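The values are calculated or read from the model by the stated rules, or taken from the named source; none is laboratory data. Here the structure is a predicted model, which is why all the values come from computation and not from measurement. Using ideal geometry, Cβ is built from the backbone for each residue, glycine included, and neighbour counts are taken over all protein chains shown. Ligands, DNA and RNA are excluded from the accessible area calculation, which covers all protein heavy atoms including side chains. Shrake-Rupley method; radii C 1.70, N 1.55, O 1.52, S 1.80 Å.
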Amino acid sequence: THQWRGIIEEYRDRLPVTDTTPVVTLREGGTPLVPAQVLSERTGCEVHLKVEGANPTGSFKDRGMTMAITRAKEEGAQAVICASTGNTSASAAAYAVRAGMVSAVLVPQGKIALGKMGQALVHGAKILQVDGNFDDCLTLARSLSENYPVALVNSVNPVRIEGQKTAAFEIVDMLGDAPDIHVLPVGNAGNITAYWKGYTEYAADGLATRRPRMWGFQASGSAPLVRGEVVKDPSTIATAIRIGNPASWDHAIAARDASGGFIDEVTDREILRAYRLLAAQEGVFVEPASAASVAGLLKAAEQGKVDPGQRIVCTVTGNGLKDPDWAVAGAPQPVTVPVDAAAAAERLGLA
Ligand code: F0G
């Protein structure tokens, strides 16, 4: 009779809501923290995966969106808007349905995964494909929200960060303390900002004895925080993090520096290798952008930056089903057999 109530009810006293706030939830959060056996062996550490693809719309965005849509509803908004590489728009569309609101989404034309487009469509969002990249979409969404009656639900809306910080709470609640290192993919840099805020709040209130070092990884073709300058024409197969001018730039740098961590890059090849390892050896199917955290951990380990014996959490941010092209691409075609046990057994190498 008991189920997880969603992050607002579970962490109500740590979030900006009141007793009369109309909570809009799909019971997001409460996601699995899965011990990663192969990654632990490879690094000599205790590695866990925070599997955010298990959220209702298949990504961590739901944590921020339950807050953003709840507060928009409380403030009387009838329509919300976001720029997105796909996951924010899928989440905004679903939560807007729950709230009885209209959602409008701006996505970079031709650069979002099919599954995410399908989500926005089936939830009834008004979708505009913008002839530009994510950064252009965000500029446009900001301008529309400033000049028209529509609430912005991107992570530049601070309540998004409030919702997303709950993932750090869950990890500490589960492990009994903060890990030594927390590893994340970084795109618009809202999530690394949110985790750091969550860890910091718990430590300040004595619920954790320490804060982790924050390790962020961007895709090489979209690594403005690594380069120290805006990337005008970002590229990567990990379309979720194809971002050249992160909105939470300064917060990400602050989290990096205050935690004694770093932000580095991983190539598309390294991302795809980690993507396949996660699926084939850990049993966890994520989308390519999510594998950037694991690719980064493996790269750091190869560079001798990972001392053994540490406790490490890697967030894997989105579900593999959102972008299955990469699972199918390059894989051998399944063979076709007649309805015949002997033939099937032979093909399976059982006979
Ligand atoms: N992983 C996935 C699967 C994402 O969708 C995103 C961001 C990130 C990582 C990076 O997180 O932006 O907080 O640094 N997706 C946004 C979107 C931009 O529109 O769905 P971040």
Has the range 140-154 got any residue that is touching a helix residue (DSSP H, G or I) at 6+ places or on another chain (Cβ under 6 Å) and either within 13 Å of the ligand (Cβ to nearest atom) or farther than 29 Å from residue 112 by Cα (or both)?
yes
Might you check whether a residue that is under 16 Å from the mean Cα position of the chain (by Cα) and acidic (Asp, Glu) occurs anywhere in the range 131-141?
no
In the range 238-286, how many residues are within 14 Å of the ligand (Cβ to nearest atom), polar (S, T, N, Q) and outside any helix (DSSP H, G or I)?
2
Sole exception among (1) in contact with a Gly (Cβ under 9 Å, 6 or more places away or on another chain); (2) acidic (Asp, Glu); (3) surrounded by fewer than 16 Cβ atoms within 10 Å (Cβ to Cβ) for residue 268, by number:
(3)
Any helices (runs of 4 or more DSSP H) falling wholly within the range 1-108 and containing at least 3 residues that are open to solvent by 30 Å² or more (accessible area, probe 1.4 Å):
37-43, 61-74
Which numbered condition residue 19 misses (of (1) touching a residue at least 40 places away in the same chain (Cβ under 8 Å); (2) more than 25 Å from residue 142 (Cα to Cα))
(1)
Any helices (runs of 4 or more DSSP H) falling wholly within the range 119-237 and containing at least 3 residues that are surrounded by 24 or more Cβ atoms within 10 Å (Cβ to Cβ) and either of a type outside the set (S, T, N, Q) or at pLDDT 95 or above (or both):
134-147, 158-164, 166-175, 190-204
